[in-house]
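The values are calculated or read from the model by the stated rules, or taken from the named source; none is laboratory data. None of these values were measured; they are calculated from a predicted model. Here the Cβ positions follow ideal geometry from the backbone for every residue, glycine too, while neighbour counts run over all protein chains shown. Protein only, heavy atoms only, side chains kept; ligands, DNA and RNA dropped before computing areas. Shrake-Rupley method; radii C 1.70, N 1.55, O 1.52, S 1.80 Å.
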Amino acid sequence: MLNKKFNYNDCYLKINSDTNSLDLGVSGAYEIRGAGMYWYDSAGKKHTNDEYTIADISENMIEVFGEPKDEVKIILKAGEIECVWRFLLSAEDIEVRLAVCGDNVEVGRICPLCSEELKVDSFNAQDQKSENDIRVLAVPFDNDKWDRFKSLPYSKSETSYGVTAVYDEESRKGLVIGAIEYDLWKVGVKSYSNAGDCAGRLEVIAGVADENTRDYGVSHGVVSGNCVCSPYISIIHSPDWRKGLIRFGEICERRRPRLKWDSNLILGWNSWTAYMTEIDFDKYVHASDTVAKFMNDCAAQGQKIYINFDAFWNKLGREKLKEAVDRVKSNGHVPGIYFAPLAGWGGLENMDRPVMNEFGDLVEVEGYENITWNDLLLRDKNGNILHEIAGGYPLDVTHPVLLEKIRQDIEIAAELGFGYAKIDFLGHGAVEGEHMRKDIQTGIKAYNFIMDYVSKLCVKAGMFISLSIAPLFPGGYGHARRICCDVFGELKDSEYGLNALTYGFWENGTIYEFTDPDHVCLSKSELEAKMRFISSAISGTMLIWSDKTTDETAVERAEKWYSNRELMKIASLHKTFIPVDSGVGDRAAEKFMLEKVGGVYLAVFNFEKKAKDFNIGLGRLGLGGGKYKYRDILTGDRGDLDGDININLGGMDCTILDIERA
């Protein structure tokens, strides 16, 4: 069979029949040369494109989500196995999927695209970029254990989970490569180079399971069927890696729409940082009374304010909870509740107790008598209990008794009047293991199963769903997801939260309605409180305060910052700021921007404890030539700009400038 080449606008796909490999890319932008595929069977044997013979090649023009695509199918055969390599070429990107077909084939891992030579034209310009100029984004699988996003030199890259970006820091040109479907597989993306080389390697693997996915000592589940498919992988070339990530999020959202909410800003208070295990009735209702004195006036017309219990609310009892709910509602607030439904707590020595719902009732399901928590624990194929994660043991999310417990918890909470559900430690539901339902073959399929169940119950009850510790993908099951792990009130906490904004800004309004910057804690120093509030206001349009409402200093600061109409206006835009430049390694960016009509907002943070000068070119902010003016929205200072922006910030200080054409 002769070599063939297919083109759609600048996208192309060339099939090398002699090697069964491919060249693909965008003319003048990038090329992936000698691309192949592989898959592992259940015995651990690797099968590559070299083993197969091309049996057929076909081309069709199709429409996918209203967008025209040139579909190229390559059929490869070896014995009784047929592989279908499907490519979708469009004006802006290329998508690829691999299917392994046969009589009940069993697939442990599947790689729809790998290459030893990824060349990006902008990385090999006349100025000869060094490997340190080319950055690779490493995205964590979830937001547990204070894992960070990382921007690493090309030769020092790490596995990124779900998606990566390979980009030139100076020009911002680059590629975004990631899985856009998360029905079955956990996905790892590897792109790296040898030291001193700007040409890279690429490997996209569905079926990763390691400590970073919280799979300790267990392999990814084997998927069986007559046709086992990888997820679709999207390759997006963009003149700006930041816009490429936003487009990636939009593509994911087309395939699994986000859960929408009818508000631009989520305001309120949460008990965790304030009181942790010591929350009680008096502290909860006092928080509502305190918030009513200032936050009710800060909220826009019709804006709801949520007063949320975190963990350890269940020691109150049902009658006291109802009284608390009624008190909160009398202040015009919406009461919120907390669940961690997918993990078993209390240590293995206490797992022989009967399964009770969170309100103290025995959970009974016909045909499942005398069930204990030990019966709900997820196990590996040898019957061993899986490793604990953050003190909780993964549960079999398909067990009928667990499903009934969750139903009771959510429905009772709704009956009591709770309208907000913070749902935590959800990564336990995505761990690989042997489930009662045998059609649930992988951790991600289990996660989809249980989160579909949970979200439908909450939506039916009219609850806002806030996912706390949870995998990044798939979206669609919560109105909000926390962009990072727990954030408290110190300087280092704000920097950690902004690390997540630096590389996770694109999640807001795409795979989730809201990115949640976690609790706004204002009880440390004045400057730390200022940075915590401003970093939250630009990070995802959720501003949930969490300090003791008996702390007069914290209350005064909360009233000050929540009453700042300029900041509340920015937060109410329902948009995240994006980094002007990426950070270094696992550090946050220092400068963030948000485009607006006629100019930009610019937020600048000094993470050092001594004064620091910042220089930002107007062109770096996307502003053309000419004169501009600025206004510091915190101090009111004004001035003219005719060139670079020079800012001096004291130690641990921050500010936001409103920049417009003069």
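Values as computed for the structure displayed
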quantity	calculated
Distant alpha-carbon pairs in the range 1-122 (separation over 17 angstrom), percent	57 percent
Lys pairs, the range 350-464 - Cα-Cα below 20 angstrom, 8 or more residues apart or on other chains	8
Mean separation of Cα contacts under 8 Å, 6 or more apart, over the residue count of the range 531-580: relative contact order %	52 percent
Cα-based shape type of the range 428-485, given that a ≥ b ≥ c are square roots of the gyration tensor eigenvalues and the cut on a/c is 1.5	oblate
Calculated P(r) of the chain - Cα pairs past 49 Å, %	16 percent
Set of lysines with alpha-carbon distance to K492 below 23 Å, sequence-local pairs under 8 removed	K145, K150, K524, K530, K548, K560, K591, K609, K610, K612
Cα→Cβ-extended label distance, 7 Å offset, between N296 and R353, nm	3.9 nm
Nearest-0.05 FRET efficiency for K315 and D240, computed from C-beta distance (R0 45 Å)	0.30
Cα lying deepest toward the dipole's positive end in the chain, options V218, T553, F312, charges on Cβ	T553
At R0 = 25 Å, FRET efficiency that the Cβ-Cβ distance of D56 and E106 yields, to 0.05	0.50
Along each principal axis, Cα extent of the range 65-105, largest first, Å	37, 16, 11
Accessible area expressed per residue, the chain, with surrounding protein chains retained (probe 1.4 Å, Å²)	38 Å²
Loop-exposed trypsin sites (Lys or Arg not before Pro) per DSSP, neighbour cap 16 Cβ within 10 angstrom, longest uninterrupted part of the chain	439-608
Difference of contour (0.36 nm per residue) and Cα-Cα distance, W261 to S219	11.4 nm
Cα centre as origin, Lys/Arg/Asp/Glu Cβ charges: the chain dipole, Debye	1140 debye
Among Y512, F425, L402 the positive-end extreme of the charge dipole of the range 393-516 (Cβ point charges)	L402
Difference of contour (0.36 nm per residue) and Cα-Cα distance, N9 to D637	221.1 nm
Spin-label pair K283/K629, simplified geometry with 7 Å Cα→Cβ offset, distance in nm	5.0 nm
Anisotropy class of the range 602-660 from Cα gyration tensor, a/c 1.5 cut	prolate
Distance (nanometres) between label positions extended 7 Å along Cα→Cβ at K322 and N374	3.7 nm
Relative contact order [Cα under 8 Å, 6+ residues apart], the range 140-268, whole percent	27 percent
Alpha carbon convex hull of the range 534-640, projected area averaged over orientations, nm²	8.5 nm²
Fully extended contour minus Cα-Cα distance, from A78 to K438, at 0.36 nm per residue	126.7 nm
Farthest positive-ward along the chain dipole, Cα basis, beta-carbon charges - from I616, A292, S466	I616
Overall dimensions of the range 385-501 by Cα: Rg and Dmax, Å	15.4, 48
The range 300-443: C-alpha gyration tensor shape, a/c 1.5 cut-off, then a/b vs b/c	prolate
Ellipticity estimate at 222 nm from DSSP helix runs (n ≥ 4, -39,500 (n - 2.57)) divided over the chain, nearest 500	-6000 deg cm²/dmol
Zero-based 5 Å bins, Cα pair distances in the range 273-348, whole percents	3, 15, 25, 22, 16, 10, 6, 3, 1, 0
Charge sum, other residues only, whose C-beta stays under 15 Å from K14's C-beta, Lys/Arg counted +1 and Asp/Glu -1	-3
